[in-house]
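Written out below as structure tokens is the structure these notes cover.
The values are calculated or read from the model by the stated rules, or taken from the named source; none is laboratory data. All of these numbers come straight from a predicted model, not from anything done at the bench. Cβ placement follows ideal geometry from the backbone for every residue including glycine, while neighbour counts extend to all protein chains displayed. Ligands, DNA and RNA are stripped out before the accessible areas are found, and what is left, the full protein with its side chains, is counted by its heavy atoms. Shrake-Rupley method; radii C 1.70, N 1.55, O 1.52, S 1.80 Å.
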Amino acid sequence: MSRTATALTVFGVMLGIFLAAVESTVVGTAMPTIIGKLGGVSLYGWVFSAYLLASTTTVPLYGKLADTFGRKPVFLFGAGLFLTGSMLCGLAGSMGQLIAFRALQGLGAGAILPITLTIVGDLFSVEQRARMQGLFSGVWGVASVTGPALGGFITDHLDWRWVFYVNVPFGLLSMGLLIVFFRERVERVRRPVDYVGTATLTAAVVLFLLALLQGGEAWPWRSVQTFALVGSALMLFGVFLWNERRAPDPMLPPSLFRHRLIAVAGLASFVSGGVMFGVTTFVPPFVQGVLGGSATNAGMALAPLSIGWPVASVVAGRMILRVGYRAMGLLGGVLLVAGAAVLLAVGQDSSQALVMAAMLSIGAGMGFSSTSFLIAVQNAVAWSQRGVATASIQFFRTIGGSIAVAAMGAMLNAQWRAHGAGVDAGGADVSEANVLLDTAARGALPAEALAALQGALATSLHAVYLLVFAAAAASMAAVLLFPSGSVADLAHQPEAPPGPPAPAEPLPEGAAPAGDPDRR
């Protein structure tokens, strides 16, 4: 590729990253308002979990396909599917439709971020990759800072449906640039697709999330339905592991996770994903429902997370070559725990500034840790495994987020039933917290009832933030297991090609070979 083609390909990749960042921030900011309009706060977790589930379970498959057929066709397919889902989400007329279209959107999203990061790994050396993190993190930062404000403005002044349409122009431009300028040389090798692995892992995760989301709602926690779903999920996961050991070309090669660096990075990404998706999902309801803010206020509360992440990523990209992956990962873990601890301190009388301080610390923690894990894993494998290795880190982070959001949603529902559902609100329906997320409905509540309901929601969310803190502490503990050593020490070492044996050195006259019992 020429320098111009490389530059335009990088710009296309940057737009792909921008697309992923805009989706997560714009839509996340608008979700409390969407729930307030369409109703069904008990399904709040499903709106996020459907997207995360679809995007998570397809990530390893997309990574494997990218290693087989090349990065470009896989990215174009995923981006096209994502944009189709975005358009349909904007047309949704009910919570059921929105959840279904979010799942379709997620099926495409599973290809976007891991494939763009894999393309970066192909185009640049590890030293260049570490420095380029500043550029790509800057794109993420710009999108993440403008996204919440844009999402809040669209929701407050236009219509929430437009938050889904804003993705379309960026996606089309990114696809066009990669079609025209990105060239890759791929050796076409016919490989069997691991359909059994994909199907069993997807089914296991779906059943487990269904147990978390519906347990305590549609049926009691200690019921036949819950035990059946969890048992079936565990059985299918066991089948998945059995299949991966025997499949000729497994979706998630077990050999990858015998590498300590990759196994620890996957574990840390799993639990840190719970922190990231937990706060982006359950901080906006606090700002809108407890503090009485608007969608714009909710977006601004998340903005420091989007600022801290790229800034820390820039610093990490420069420092990794000097101090190694482990030191940057440990710094990220400390900041995650500190931010989660601050979030535990927020209450009904807290200011939005305290929430923003927690978001800044968590964002910086994610920037230091995720950058370290990504570069370490990409540098630890050969090209033929870089796609699936990169995808595995994204997979574990999003699967951790999916499970965490489902568990936190179940916790929120249970806590609201215990603290908020019995409040006398002058005839208003308070069986769900929708009334606090809709500005008009909230304004119609009597002052005493409003204060009582806000206190109940604050108490309910505090229990959710305890789970966030537990995930942050687990992430910190996982990083302690990360292998020490420099970037060069932990890099992939290609096997030397076989060659003729080296000639033996001539022995001194009268000497016998080493180990000869007759040597003189």
Top-ranked residue in the range 379-396 [being buried (at least 24 other Cβ atoms within 10 Å of the Cβ) and of a type in the set (S, T, N, Q); ranked as nearest to GLY278 (Cα to Cα)]: GLN394
Could you list, in sequence order, the residues of the range 58-68 that are open to solvent by 10 Å² or more (accessible area, probe 1.4 Å) and either closer than 21 Å to PHE101 by Cβ or modelled with pLDDT of 75 or more (or both)? THR58, LEU61, TYR62, LEU65
Any residue at all in the range 335-345 that is modelled with pLDDT of 90 or more and farther than 30 Å from HIS419 by Cβ? yes
Could you look through the range 260-270, keep only residues that are open to solvent by 30 Å² or more (accessible area, probe 1.4 Å) and touching a helix residue (DSSP H, G or I) at 6+ places or on another chain (Cβ under 9 Å), and pick out the one that is farthest from ARG245 (Cα to Cα)? PHE270
Go through VAL311, VAL275, VAL323 for me and flag whichever is open to solvent by 10 Å² or more (accessible area, probe 1.4 Å), in contact (Cβ under 8 Å) with a residue 40 or more places away in the chain and within 30 Å of VAL381 (Cα to Cα). VAL311
When you check LEU360 against the structure, is it of a type outside the set (S, T, N, Q), within 20 Å of PHE282 (Cα to Cα), touching a residue at least 24 places away in the same chain (Cβ under 8 Å) and open to solvent by less than 20 Å² (accessible area, probe 1.4 Å), yes or no? no
Any idea how many residues of the range 69-116 are among the polar types (S, T, N, Q) and either open to solvent by less than 10 Å² (accessible area, probe 1.4 Å) or under 20 Å from PHE18 (Cβ atoms) (or both)? 4
Assuming PHE124 fulfils every condition listed in (1) open to solvent by 30 Å² or more (accessible area, probe 1.4 Å); (2) touching a residue at least 40 places away in the same chain (Cβ under 8 Å); (3) within 20 Å of VAL377 (Cα to Cα) apart from one, which condition is it? (2)
Extreme residue, modelled with the highest pLDDT, among residues of the range 165-199 that are over 22 Å from VAL59 (Cα atoms) and buried (at least 18 other Cβ atoms within 10 Å of the Cβ): LEU177
Odd one out for VAL287 among (1) closer than 30 Å to LEU330 by Cβ; (2) surrounded by 24 or more Cβ atoms within 10 Å (Cβ to Cβ): (1)
Within the range 358-371, does at least one residue satisfy the condition of being under 23 Å from the mean Cα position of the chain (by Cα), of a type outside the set (Asp, Glu), modelled with pLDDT under 85 and in a helix (DSSP H, G or I)? yes
Starting from residues that are of a type in the set (Val, Ile, Thr) and open to solvent by less than 30 Å² (accessible area, probe 1.4 Å), keep the ones in the range 429-468 and report whichever is modelled with the lowest pLDDT. VAL430
Consider only pairs whose beta carbons are under 8 Å apart and that are at least six residues apart or on different chains; among these, list those whose first residue lies in the range 457-473 and is closer than 14 Å to GLY401 by Cβ and whose second residue is open to solvent by less than 20 Å² (accessible area, probe 1.4 Å) and polar (S, T, N, Q). ALA471/SER272; ALA472/SER272
Given the criteria part of a helix (DSSP H, G or I), open to solvent by less than 40 Å² (accessible area, probe 1.4 Å), modelled with pLDDT of 75 or more and of a type in the set (Ser, Thr, Tyr), does SER42 qualify? no
Looking at the range 338-346, is at least one residue open to solvent by less than 10 Å² (accessible area, probe 1.4 Å), under 23 Å from ALA463 (Cβ atoms) and touching a Ser or Thr at 6+ places or on another chain (Cβ under 6 Å)? yes
